[in-house]
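First comes the structure, then the notes that go with it.
The values are calculated or read from the model by the stated rules, or taken from the named source; none is laboratory data. Just so you know, these numbers come straight off a predicted model, no measurement behind them. Glycine gets a Cβ as well: all are built from the backbone with ideal geometry, and neighbour counts include every protein chain shown.
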Amino acid sequence: MDTEARREFGELLAILGETFNEPVSAARAAAYWMALEDVPMSALREAVFRAIRQCKFFPRPAELLELAGAGVPDAGLVNALISEHVGTVGGDRRMPRDPFLRLVVTRLGGILRASDMSAPERIRLLDKLLPGVTAACAVRGIPMPTEARIAGDAVPRAALPEPAIREGEPDEDGLIPIVLDEGA
């Protein structure tokens, strides 16, 4: 981080100190800096915002890393991302475009092997693989998936109008059909 980022980092720690009524000494700020300097400032801002809403005490650096999405991602979340990819047309034969998923699928033994695994089997293996994948992503500058990032990637779909439903006239058997009035 540059000087401007370090200044903003200090401001974020000051906000946490005021919020949780905790002093932020120079030594404490230096320790937090050592632990968090690799985390993008936007992720740190999000982590501080979440800490203010979710934490009961001044968060430790590990908690801020977790809140920033910089920790090891949840195996269930990663499994859901893989399942979503495999479930797309041709996804069981083509590698994902997302660099993180591409790395994970490669470590799982390729797309064919990953798509053939059951969810529990894949999650067990992901629990073992994800710490190494996280380290590899940090070295390569690959962003990690977080629930917040995934929710942000979701494109809101326009709500479709509900068709009007009305009952039709009884037929010869006395049954009343339900008619969708699509002109409404």
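Scan (1) assigned to a loop (DSSP other than H, G, I, E, B); (2) at pLDDT 65 or above; (3) out of contact with any Lys or Arg (no Cβ under 7 Å at 6 or more places or on another chain) for the single condition Phe100 breaks and write down its number.
Phe100 satisfies every listed condition except (1).
If we scan the range 35-50, do we find a residue that is more than 25 Å from the chain's Cα centre (by Cα) and of a type outside the set (Lys, Arg)?
No, every residue in the range 35-50 fails to be more than 25 Å from the chain's Cα centre (by Cα) and of a type outside the set (Lys, Arg).
Filter the range 105-139 for residues that are more than 14 Å from Val86 (Cβ to Cβ) and of a type in the set (D, E, K, R) and give the result.
Within the range 105-139, Arg107, Arg124, Asp127, Lys128 meet the criteria.
Quick grid of which residues meet (1) without any contact (Cβ under 8 Å) to a residue 24 or more places away in the chain; (2) among the small types (Gly, Ala, Ser):
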{"residue": "Met95", "(1), (2)": "yes, no"}
{"residue": "Arg102", "(1), (2)": "yes, no"}
{"residue": "Arg107", "(1), (2)": "no, no"}
{"residue": "Leu112", "(1), (2)": "yes, no"}
{"residue": "Pro120", "(1), (2)": "yes, no"}
{"residue": "Gly132", "(1), (2)": "no, yes"}
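Looking at the range 112-121, can you tell me whether even one residue there is under 18 Å from Met144 (Cβ atoms) and assigned to a helix (DSSP H, G or I)?
No, the range 112-121 contains no residue that is under 18 Å from Met144 (Cβ atoms) and assigned to a helix (DSSP H, G or I).
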